[in-house]
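Participant: Here's a structure for you.
Just so you know, all these numbers are worked out from the coordinates, no wet-lab data involved. Just so we're clear, the structure is a prediction, and the values are computed from it rather than from any experiment. Cβ sites come from the backbone with ideal geometry, for glycine too, and all protein chains shown count toward neighbours.
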């Protein structure tokens, strides 16, 4: 059809921006310039038009055009086939005229930009931008769907929770840009190793989760073993060759998992137990971990009650040097149920920090005697940064009494923020003492700010020499096994 002979209403509408169309007798098609630009084609008939419609949408468009009755409205959205970029178009109109074959006419709007904008929003909501993997939101949604099938007996699957080892140290040493590239490369290697049948996603900064199809613990262990083997070769980042490894926890999904949160919590607990066993390790959730988890929950509830009621107690372990009393190691005592549960379960980060804050405030308010006051914080050093004011208040109170405040930490390969916190504490007169230093390399020890070290009884002479080379003293004040109340300790202090 010659478009120069279009009806006047089509030619008069060129400035409107909307595509306009009209079907006449024998399926002839009249369109304006905007319609043809939207379609990236110039069809002169209905069959030619339908050839430009995506095959999956073609039948719907054809049926809508054929079945619309006189006076009814037409509204259908379809995709095109022509051009390098697929387009989304919305077709509206109505039957016009009378007789057996009324003509159809209407408008067409290009929805491509709107559709792409919505697609970007959907990808942002469900896709991790760094790795292209499903993010936490999508992982949890898909895990809920899988669990529903598992509970109904229609599917068998397991869950692996993978923690990238030493990622914070990598960021501290090489910068976050290198860390981002490492995460992207790690994700690509994981995806290649686990295969297309596995749903792999990025759960957090250095954490991934994988839904493994199949039944039995051996299936999970085999998948974890492939991951460990895949990361034996280093990752080549051009300027750097970095060694990556994972600590992995897993759980076989079953009817006992009421939600994705239940399954993730168990896989996460297994991962943390594996980390305690050794960083490049795998642990599956079992009855032992289930008992520990229940103990932790009970301890958390008991501690919440104790902290709310202010019922924590203070105990003093006398510190002796060559038989002489030189100070005390102050500990928080847990009454009742909390005390009975504590040996079987660790403190949560939140509860540990609350206990530390209470203990520091107690020391600040009740300086026991001149001499050495030693505290062993239960919470992580990074969390103790939030307790800096309480630490300094305790230190000031101890110094007013003529004593020194020591904080004892288990040696660890801390990042830059933790080391900065240690420097800040030392600058204010707090002595930093390290225990379990045999776990660290000499290079890691050299980066750790400390004043003294507690050596194990069976430590070799070489370790003692290394500590001396670093300029640290060896903390020789030994705590008694039996703890005392504050009054009993004060009586002992007056007798020295």
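Participant: For a footprinting-style exposure proxy, rank 22, 446 by other Cβ within 10 Å, fewest first. Please report the intermediate quantities before stating the final value.
Facilitator: On the way: 22 20, 446 11.
With the sparsest Cβ surroundings first, the list reads 446, 22.
Participant: I would also like to ask the following. With r defined as the distance between the Cβ atoms of residue 265 and residue 58 and R0 fixed at 45 Å, what FRET efficiency is calculated, to the nearest 0.05?
Facilitator: Details: r = 49 Å, r/R0 = 1.08.
Efficiency, from the Cβ-Cβ distance: 0.40.
Participant: Would you mind listing how long the chain runs along its three principal axes, going by Cα atoms, in whole Å with the largest first?
Facilitator: If we take the Cα atoms of the chain, the spans are 118, 49, 48 Å.
Participant: Apply the a/c threshold of 1.5 to the C-alpha gyration tensor of the stretch 116-256 and tell me whether it is rounded, prolate or oblate. Walk me through the numbers on the way to the answer.
Facilitator: Working: a/c = 2.41, a/b = 1.36, b/c = 1.77.
Here the stretch 116-256 falls in the oblate category.
Participant: I need the shape label for the stretch 417-482. Rule: rounded when a/c is under 1.5, else prolate if a/b > b/c, else oblate, with a, b, c from the alpha carbon gyration tensor.
Facilitator: Here the stretch 417-482 falls in the oblate category.
Participant: What order do you get for 92, 131 when you list them from fewest to most C-beta neighbours inside 10 Å?
Facilitator: 92, 131
Participant: Now a separate question. Once you treat every alpha carbon in the stretch 107-175 as an equal point and sum by Debye, what is log10 I(q)/I(0) at q = 0.11, 0.13, 0.23, 0.26 Å⁻¹?
Facilitator: -0.53, -0.67, -1.03, -1.11
Participant: Using only the Cα atoms, work out Rg/Rh for the stretch 262-314, with Rh taken as the Kirkwood radius, to two decimals.
Facilitator: 1.14
Participant: Then there's this: Label residue 188 and residue 320 with points 7 Å out from Cα along Cα→Cβ: what is the distance between them in nm?
Facilitator: Modelled inter-label distance: 6.3 nm.
Participant: Can you give the helix-only mean residue ellipticity at 222 nm for the chain, where every DSSP H stretch with n ≥ 4 adds -39500 (n - 2.57) and the sum goes over all residues, rounded to the nearest 500 deg cm²/dmol?
Facilitator: Roughly -13500 deg cm²/dmol at 222 nm, from the helical runs in the chain.
Participant: I need 235, 432, 391 ordered by Cβ neighbour count within 10 Å, fewest first.
Facilitator: With the fewest neighbours first, 235, 432, 391 line up as 235, 432, 391.
Participant: Hey, another quick one. For the stretch 181-234, how big is the tail of P(r) above 13 Å, as a whole percent of Cα pairs?
Facilitator: Tail fraction, whole percent: 60.
Participant: Pulled fully out, how much extra length does the chain show between residue 176 and residue 444, if you take 0.36 nm times their separation in residues and subtract their Cα-Cα distance?
Facilitator: Details: separation 268, 0.36 × 268 = 96.48 nm, distance 2.03 nm.
Net length gain for the segment: 94.5 nm.
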